[in-house]
Every structure is written in C-alpha cells, then in structure tokens.
Amino acid sequence: MEKRKYGLFIGGDWVEAESGETFFSAFPATGEVVAELAKAGKADVDKAVKAARAAFEEGKWPKLSATERGRLLRKVAQGIQDRLEEFARLETLDTGKPIRDSLRIDIPMVVDVFDYYGGLADKIMGETIPVPGNFLDFTLREPVGVAGLIVPWNYPLFLASWKIAPALAAGCTVVVKPASLTPQTVLELANVMNEVGVPPGVYNVITGPGSEVGAALVEHPGVDKVALTGETQTGKLVMEMASKGVKNISLELGGKSPNIVFEDASMDEAVRGALFGIFMNQGEVCCAGSRLLLQESIKEEFLGKLVEMARGIRLGHPLERETQFGPLVSQEQLEKVEGYVESGLEEGAQLLTGGKRPQGEAFSKGFYYEPTVFSEVKPHMKIAQEEIFGPVLSVITFKDEKEAISIANDTIYGLAAGIWTRDVKRAFRVAKAIKAGNIWINTYNMLPPQAPFGGYKMSGIGRELGIHVISLYTEVKNIMVYLGKGGVKWFG
Ligand code: NAD
C-alpha cells in the first residue's frame, strides 16, 4: 500500500515540526500505515499563526478585491475536481469509508462548497440604516482576522471546507488543525492552494494531538476566531479556553437526532430513509438519525422491512466500488460502539440485527462492525440518550404526535430531525415543535451548501453553510456620517 509523507504547511511552504517528531495515520480496513505526519508543538502553532497574521495584515491577501478572492476559490474548486480520484482515495485511506461515498458524496460536495463561496465572496455586503436626524448610517462587513479551524475525522475535507471556504471568501486567513486520524486531504488541499495562486500564509495546516496543538491554537493571542467541529465535550473545553481571549467562537458539536415515522408515511420511502439516516458513513455522522421514533401501529411491518434491508448492506473493502459499508475509523471507536451495544443489552433493549463484528478473513484486520438495530428502547436508556457515533439504531415507539414530540425533544442535543408523513399540516406542526437546527421532511441527511446547518442546545453555536456562515467570519462596523450644519450643541 502506498504511503505519503507530509510536513506542516506554513506560509506557503512545507516544513518539518520544530521537534522533528512525526506520527502515523493508518487504513482502518487493514491497519496499514498510509501516511507519516509532522507532529507539531506550540512553537509550530506560533509560526503558523504568525504566518496567517502577516498574510492578513500585510501580504497580497488584504489587497485583493472580493471578486479576485472569489475567483481563486472557484479555481480551488476546479483544482479539487481535477484530482477527484486522488482526493477520494486519500479520504478513503484515512477514514475507511467506501470509495463510492468519497467519490460520489464527500469530494464532489467539497467542490460544490468552494464553488458556492467563490460566487458569494463579492456579495458579502453591509446595509444602509435609516436613523433619525441628518445622518447617513451604514455598515461594513469586515473579515474577523486570523481564524483557527479545528475539524473532526468523519468527513475530513468536507467539514473543513465548511469553514475554510467562507473564511477565505470573507477575507480571513486560516490555520487548520485536522483530526490526527485523517489529516491527508486537508494537507493535500495545500498543494491545490499553491497551484492556483492563493498567496502564502493565507492557508496553513498544522497536525498533531488536539489536546496540545488544538489547544495551543485556540489559546494563541494571534487567533481572532475559533471554529470547531467535534464532540460536545471538546466544545466545552474550547469555549473555556477561548473565553480567556474573549474570542469569537462557533461550534458544531454532537447529536442524537430523532427520525420520526408516522403511520401515514410512505412505508418504503421511510424505511429507506431510516436506513440511510443511520447507516450512511457507518453511522459516523453528527446528524445521524440514531433514534428512530416509530408509531406503534406500523412497528411490526416497518421493522421487518428495515431489518431485512440492514442485513443486505454490503460490508467490504473500502476501495472496492461495490462496497456500501466500511470499517469504523479506529479501534477506539469500535470499542466505544461495542460498549454501547453491551449497555443496550444490559438495559433490556432487544437486539434485532447486528451487535457484533462481522466474521471472516476479509474483516479480521479492520475495525468492522455490523449495522445494528435495537427495538424496545426506552427514552431514558443510554443508547437513547448518548451519541454513539457508529452504526447503532435505537428504535423507540410512540402512540401519538404529542408523545413523539416529547420523546424527540428529550435530549441535551438539538442538531437535526427527520419527519416522515403524508400530512402536510402535521409535518409543519412537528417541525416547529422540535428544538433542532435542521429538520428534514420526507428526506434525511441532505446538506447542500446553500442551506444553513447547525445545532440548538448542546449541539453547537452558530450556523455554517449558506449565507448565514458569513456572520461567523466577519465583524460588523457601523459608520455614521453627519450631513447637517452646526454639529452637536450640547455644551453650548
Ligand atoms: P473530537 O472532539 O475528539 O475532535 C475534533 C477535533 O478537535 C480534532 O481535530 C481534535 O484533534 C481536536 N481536539 C480534541 N481535543 C481538543 C482540545 N482540548 N482543544 C482543541 N482541539 C481539540 O471529535 P471527533 O471524535 O474527531 O469527531 C466526532 C465528533 O464530532 C462527534 O461528537 C460528532 O457529532 C461531532 N461532529 C459534529 C458535526 C456537526 O456539524 N455538528 C459534524 C461532524 C462531527
């Protein structure tokens, strides 16, 4: 298997870590090493932030027009598109996700995100505000400065693009910290940035442990804005650290999203939607529909179909095009999922399918786990309350709409929800009653760059994607001009 070596990308150049130390990332299907990475420390973070600061204050970047920045972002989109196969392969080697997902979903969506923000760059504007008196009042939207962007391992480049593209469109410069398990695509993007002429220091990447490198980035006084996608626990730590510098922060955190199926739903569409909602990307999805709320009257028929389809999902080697379901990202993640399955059994949930590692030589070296469905789950159980971040579906039944809403909202999270019904009035009623940032009606897991995404409650702060994210990377400056005669006569 091929193995790449990456340094840190600072100020437009590839450099070694000051310590000279490295670490490795491995292919989750076999455990083989696929990349050797530079292990950054505090001194490297400082270098990267200084490069980003210099590029923000003095380099070519602040002199470029928004139109030129937008054009560069569209060139980045094209650069990734031109190397679609290469990026998709790197993403699969790091994460273990099936190549058909990387090729058809992850990387094409990254291209769309850069395209979208390329188009948006010169449409970021302020307002003219009608204030009383003889004044002209207007606002400017100015870039917030140097942005520290910390991203997770489940959609490495896609989730990074949600931050990088709007930050650059707004005129910020960035230092990105990818997850240690999956850094290759965020690093490889640096080569595209150089190829298309993004000025040095605008895009920087540092790799290393989150608790050291991520924390040093959050705490660095040269960083004006911190954006994290990760666990809610990490979000709390980052908030605490960022509070010392009163930094602008945005957080995309965990979820335990309800996918609610009413008895009048189209049965086949809802079964496929439930399956896609939980098992896409091996369940390693922040907005996964991990709680299936099912109306009692359709339980038997629905679960019969769902379990049959879950058993038909093709597990296999991630690089084979027919594979629909790969290994989990790491041994640690596999053990976490196993722990939750044990707890489900202990608390009295009924295992309908899965609940174990698949057998056979093909799976012996990877972190594989079967698509798993539990029924008879009660809302207080751990598998109904905690984010598993793996292929485990907890099925809870409800009698009527009121009960469905109450169970749906019985969570610390509020990232997403699905509603399956043919009754349009009910769909809107329930959508309004659920405390979550993203509601899908008769669909699930749709994430176009035009529509905002983010969480209520402990699922986060702020909205990414769409035009909404621009507020996370800009400051509003109000400017007031006196147009009258005589000025202020307060003191005579
Ligand atoms: P994680 O919180 O362990 O790590 C995320 C990133 O934060 C990594 O780059 C990590 O190195 C870094 N990090 C860890 N500790 C840090 C610290 N003390 N200071 C600064 N940085 C630190 O999350 P993960 O395991 O990589 O990803 C899975 C989690 O991410 C799940 O909870 C999932 O729901 C969440 N997620 C949320 C969204 C969303 O959009 N809401 C999307 C994907 C994943």
Gain upon complete extension [W14, N191; 0.36 nm per residue less C-alpha separation]: 62.8 nm
Run through region 314-356 and list the GluC sites (Glu not before Pro) located in a DSSP loop whose Cβ has at most 15 other Cβ atoms within 10 Å. E320, E322
Cα gyration tensor shape for region 329-436, rounded if a/c is under 1.5, else prolate or oblate: prolate
Let me make sure I get this right: for region 15-71, a, b and c are the square roots of the gyration tensor eigenvalues over alpha carbons, sorted descending. Under 1.5 in a/c it's rounded, otherwise prolate if a/b > b/c, else oblate. Which is it? oblate
Per-residue HN-Hα couplings for region 35-45 [Karplus 6.51, -1.76, 1.60; θ = phi - 60°; Hz; x = Gly/Pro]: 8, 10, 10, 6, 9, 6, x, 4, 5, 6, 4
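Give the longest segment of the chain that steers clear of trypsin sites (Lys or Arg not before Pro) in DSSP loops with at most 10 neighbouring Cβ atoms within 10 Å, not counting the sites themselves.
On the way: sites that count: K244, R314, R321, K399, K485, K489.
The reported range is 1-243.
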Residue-wise, which Karplus ³J(HN,Hα) couplings in Hz belong to region 299-306, taking 6.51 cos²θ - 1.76 cosθ + 1.60, θ = phi - 60°, and x for glycine or proline? 3, 4, 5, 4, 5, x, 5, 4
For E403 and Q324, calculate 0.36 nm times their separation in residues minus their Cα-Cα distance, and state this gained length in nm to one decimal. 25.0 nm
Tell me whether region 258-441 comes out rounded, prolate or oblate; compute the Cα gyration tensor, take square roots of the eigenvalues as a ≥ b ≥ c, and use a/c under 1.5 as the rounded threshold. prolate
Nitroxide proxy distance, nm - points 7 Å out along Cα→Cβ at D268 and T128: 5.7
For R4, which sequence-distant residues (separation of 5 or more, or a different chain) have an amide H within less than 5 Å of its own amide H, given hydrogens modelled in the peptide plane? A35, E36
If you consider only alpha-carbon coordinates, what radius of gyration and Dmax does the chain have, in Å? 23.9, 91
Once the dipole of region 234-353 is set up from charges on Cβ (+1 Lys and Arg, -1 Asp and Glu), the residue from the list Y340, M241, L275 lying farthest towards its positive end is M241
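Give me the percent of DSSP beta bridges within the chain that run antiparallel, rounded to the nearest 5.
Percent antiparallel among DSSP bridges in the chain is about 40.
What number, in percent, do you get for the relative contact order of region 258-441 if the mean sequence gap of Cα pairs under 8 Å and at least 6 apart is divided by its residue count?
RCO, region 258-441: 28 percent.
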Once phi is turned into θ = phi - 60°, what whole-Hz ³J(HN,Hα) does the Karplus curve with 6.51, -1.76 and 1.60 give for every residue of region 333-350, x standing for Gly and Pro? 5, 4, 5, 5, 5, 4, x, 5, 5, 4, 5, x, 5, 4, 7, x, 6, 9
Residues whose placed amide H lies under 5 Å from that of F135, excluding near-sequence neighbours: L483
Sticking with the crude label model, points 7 Å out along Cα→Cβ, report the distance from E347 to K42 in nm, one decimal please. 4.1
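For I439 and K5 in one chain, what is 0.36 nm times their gap in residues minus the Cα-Cα distance, to one decimal in nm? Don't skip to the answer; put the middle values down first.
Numbers: separation 434, 0.36 × 434 = 156.24 nm, distance 4.13 nm.
Length gained, I439 through K5: 152.1 nm.
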Within region 250-288, list the residues whose amide N lies under 20 Å from a label point set 7 Å along Cα→Cβ of T139. 250-251
Counting sequence-distant residues (5 or more places) and residues on other chains, those with an amide H built under 5 Å from that of T474 are V144
Fraction of beta bridges assigned by DSSP in region 258-441 that are antiparallel (%, nearest 5): 15
Return the distance in nm (one decimal) between the two label points of a simple spin-label model at Q450 and E86, each offset 7 Å from Cα along Cα→Cβ. 3.2
Total charge of the residues flanking K435 in space, meaning their Cβ is under 11 Å from its Cβ, with Lys and Arg +1 and Asp and Glu -1, is +1
Take the Cα of E386, step 7 Å along the line toward its Cβ, and report every residue of region 210-248 whose backbone nitrogen sits under 20 Å from that point. 230-237
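Go ahead and estimate [θ] at 222 nm for the chain from helices alone: -39,500 (n - 2.57) per DSSP H run with n ≥ 4, summed, over the residue count, rounded to 500. Intermediate results must be reported in sequence, preceding the final value.
Values: 14 runs with 168 residues, N = 492.
The per-residue figure over the chain is -10500 deg cm²/dmol.
Could you tell me the relative contact order of the chain? Use alpha-carbon pairs under 8 Å, at least six residues apart, and round to a whole percent.
Working: 1138 pairs, mean separation 87.7, N = 492.
Relative contact order for the chain comes out at 18 percent.
Every number in this text was worked out from the coordinates using simple rules, so none of it is lab data. Computed from a prediction, not measured in an experiment: that's the story for all the values here. A quick note on method: Cβ atoms are made from the backbone with ideal geometry, for glycine too, and the neighbour counts reach across all protein chains shown.
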